[in-house]
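Report on the following structure.
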Amino acid sequence: MRKLVILRGNSGSGKTTVAKELQGILGSNTMLISQDMVRREILKVSDGKDTLALPFLKQMLRYGYDHSEIVILEGIMVSDWYRPLFELAVSLYGKDVYAYYFDLSFEETVKRHKTRTKAGSFGEEAMKEWWVEKDYSDVLNETTINEDQSKDQILRMIQQAISGDEYSF
């Protein structure tokens with residue numbers, strides 16, 4: 001059975017770290033789609049309403065559905081701008097969409113950003129420009145991740161959810 005894990009939230013919240021580690025844990029036949037990689041490195045397009053990354057992300061999601069057991073989709077993905085992607089996700093995967101929203105304070109995301117290798121690429125001012133407070137999707141049934149949860153707790157929670165096991169902290 002195909003499954004989709006969606007990890008969304010503001011820059012510096014830990015989405016990419018969790019996504020990469022989750023893919024490593026889940027192993028072969030797990031596809032990772034990174035919004036930033038698609039947008040910044042493959043297409044070199046800006047983000048926003050009607051971003052040129054959206055059609056490509058939709059194609060990648062379809063490819064993942066057809067060829068991968070588990071797909072991990074991660075990125076900021078502002079809910080209004082990426083609504084068509086989320087609607088496609090739900091239409092493809094139905095109840096097998098496991099969506100998580102990283103709801104951390106701005107201060108915490110800045111603190112985490114400073115520990116990243118790309119910390120020199122952009123700073124607090126840029127992060128503030130991109131910041132969207134409580135950007136929950138009305139298409140996805142998202143589980144909230146907060147700054148009190150460790151990476152290991154988040155990984156366990158997701159693994160247990162996609163395997164059908166109950167999770168408790």
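Close Cβ contacts (under 7 Å, 6 or more residues apart or on different chains) running from residues in the range 96-120 that are farther than 17 Å from Glu74 by Cβ to residues that are modelled with pLDDT of 80 or more and of a type in the set (Phe, Trp, Tyr) comprise Phe106/Trp131.
Scanning the range 1-16 for residues that are among the hydrophobic types (A, V, I, L, M, F, W, C) and surrounded by 24 or more Cβ atoms within 10 Å (Cβ to Cβ) turns up Leu4, Val5, Ile6, Leu7. Arg40 meets each of the listed conditions (1) out of contact with any Leu (no Cβ under 8 Å at 6 or more places or on another chain); (2) not in a helix (DSSP H, G or I); (3) not aromatic (Phe, Trp, Tyr) apart from (2). Does any residue of the range 4-17 turn out to be modelled with pLDDT of 95 or more and over 20 Å from Gln149 (Cα atoms)? So far as the range 4-17 goes, yes, one or more of its residues are modelled with pLDDT of 95 or more and over 20 Å from Gln149 (Cα atoms). Could you tell me which residue of the range 64-78 is farthest from Trp131 (Cα to Cα), considering only residues that are touching a residue at least 12 places away in the same chain (Cβ under 8 Å) and assigned to a helix (DSSP H, G or I)? Filtering the range 64-78 for residues that are touching a residue at least 12 places away in the same chain (Cβ under 8 Å) and assigned to a helix (DSSP H, G or I), the one farthest from Trp131 (Cα to Cα) comes out as His67.
Of the residues making up the range 123-145, those that are part of a loop (DSSP other than H, G, I, E, B), surrounded by fewer than 16 Cβ atoms within 10 Å (Cβ to Cβ) and either modelled with pLDDT of 95 or more or among the hydroxyl-bearing types (Ser, Thr, Tyr) (or both) number 4.
Among the residues making up the range 62-77, a single one is among the acidic types (Asp, Glu) and closer than 17 Å to Thr17 by Cα: Glu74.
If I filter the range 94-122 down to residues being assigned to a helix (DSSP H, G or I) and within 17 Å of the chain's Cα centre (by Cα), which single residue comes out as nearest to Ile158 (Cα to Cα)? Out of the qualifying residues, it is Asp96. Within the range 48-75, the set of residues being surrounded by fewer than 19 Cβ atoms within 10 Å (Cβ to Cβ), touching a helix residue (DSSP H, G or I) at 6+ places or on another chain (Cβ under 9 Å) and over 21 Å from Lys3 (Cα atoms) comprises just one member, Leu52.
In the range 91-122, the residue that is modelled with the highest pLDDT out of those that are aliphatic (A, V, I, L, M) and either loosely packed, with under 12 Cβ neighbours inside 10 Å or out of contact with any strand residue (DSSP E or B) (no Cβ under 6 Å at 6 or more places or on another chain) (or both) is Leu92.
The values are calculated or read from the model by the stated rules, or taken from the named source; none is laboratory data. As the structure is a prediction and not an experimental result, all values here were calculated from the model. Heads up, the Cβs are rebuilt from the backbone with ideal geometry, glycines too, and the neighbour counts pull from every protein chain shown.
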